[in-house]
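Each remark here refers to the structure printed beneath this line.
The values are calculated or read from the model by the stated rules, or taken from the named source; none is laboratory data. The model shown is predicted, which means the values in this text are computed figures rather than measured ones. Virtual Cβ from ideal backbone geometry, glycine too; neighbours counted across all protein chains shown. Protein only, heavy atoms only, side chains kept; ligands, DNA and RNA dropped before computing areas. Shrake-Rupley method; radii C 1.70, N 1.55, O 1.52, S 1.80 Å.
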Amino acid sequence: ENPEYLAEFNAKIDAGGFIEAKDWMPEAYRKTLVRQISQHAHSEIVGMLPEGNWITRAPSLKRKAILLAKVQDEGGHGLYLYAAAETLGVSRDELTEALLSGKAKYSSIFNYPTLNWADIGVIGWLVDGAAIMNQIPLCKCSYGPYARAMVRVCKEESFHQRQGYDLLLQMMKGTEEQREMVQDAVDRWWFPSIMMFGPHDKDSVHTDSARWGIKRISNDDLRQKFVDATVKQAEVLGVSLPDPELKWNEARGHYDFGVIDWDEFWNVVGGHGQCNVDRLAARNKAWDDGAWVREAAIAHAEKMAERERQ
Ligand code: ACO
């Protein structure tokens, strides 16, 4: 590595500037970005599945239109993110292959099932809420194409979060059975949602990411911010969070919370969660079913190129 280039690169990051696709960058910086951005892209794409599952069962036209728009947004986020990863010299085919073969990681959260309609609200409130908490700092991350993609993604995630909370508020005004459905969904999604921020900082292996301004806030700090913000929202909604150890700590100025089951987390990340097999099977089926579209697009492009030559 050329020390002069490295000094220039570090100075740009220290000054809060953006690194762009054509700028020189250390190989490890490129690698960690490809890793994180592609995992993020895969999460958006796989994240369409648990909610997509409910589009045909939405209880009203309004809710169906909202859910349809939201799931399409997630697909769009995946596409911007793949495009951002491609600026780092990897191909879309390589990334797709890594997802379909099960080699690539995607967020643990999407390996949990959506059992009732309240799950759709809770995903918006907690899962998209956690995603925003993690993604707002990424709008200021040091890699320009990733940071810029995040700006629009966060705006859309904010709509997703609100529609989920609104859906739950509506259900809480309904029947006793509906309120029970909401509580049941909160009980199932709370801990998986706070696991989304990743392992505790002491077990978070990618410390270079912080040094290079990719991750601006650590896993534990983001998790704490999320818990602190969510407790009040749960009160307004009228649900309890399933953690007896959750309580305000005056000295810390934060909520304390119970021990996270990291065995469950690593089990899910390792491919053994409730829905990992189904999620990959659904993506593989979509890829295989779409083969004719790719073939037709290539045949069309070749025909056009041939016409151009004549
Ligand atoms: N699900 C699956 N894997 C995870 C999760 C999770 N929730 N959290 C951490 N991991 C993995 C990491 O990818 C890493 O694996 P790797 O070394 O094979 O790449 C390993 O666990 C160790 O974790 P960290 O060292 O803490 O990893 P990192 O510094 O990348 O931090 C984090 C993890 C916070 C998720 C980071 O990658 C990030 O901010 N990513 C961008 C946001 C994102 O991907 N969001 C997806 C969900 S939101 C949505 O799609 C709606």
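Tell me which residues, restricted to segment 193-220, are more than 9 Å from the ligand (Cβ to nearest atom), within 24 Å of Pro242 (Cα to Cα) and open to solvent by less than 10 Å² (accessible area, probe 1.4 Å).
Ser193, Ile194
Got at least one residue in segment 254-262 being closer than 16 Å to Asn111 by Cα and open to solvent by 50 Å² or more (accessible area, probe 1.4 Å)?
yes
For Ile19, work out the one condition from (1) aliphatic (A, V, I, L, M); (2) surrounded by 20 or more Cβ atoms within 10 Å (Cβ to Cβ); (3) under 25 Å from Gly164 (Cβ atoms) it doesn't fulfil.
(3)
Could you check segment 229-310 for helices (runs of 4 or more DSSP H) lying wholly inside it with 1 or more residues that are touching a residue at least 40 places away in the same chain (Cβ under 8 Å) and of a type outside the set (Ser, Thr, Tyr)?
So the answer is 262-267, 276-289.
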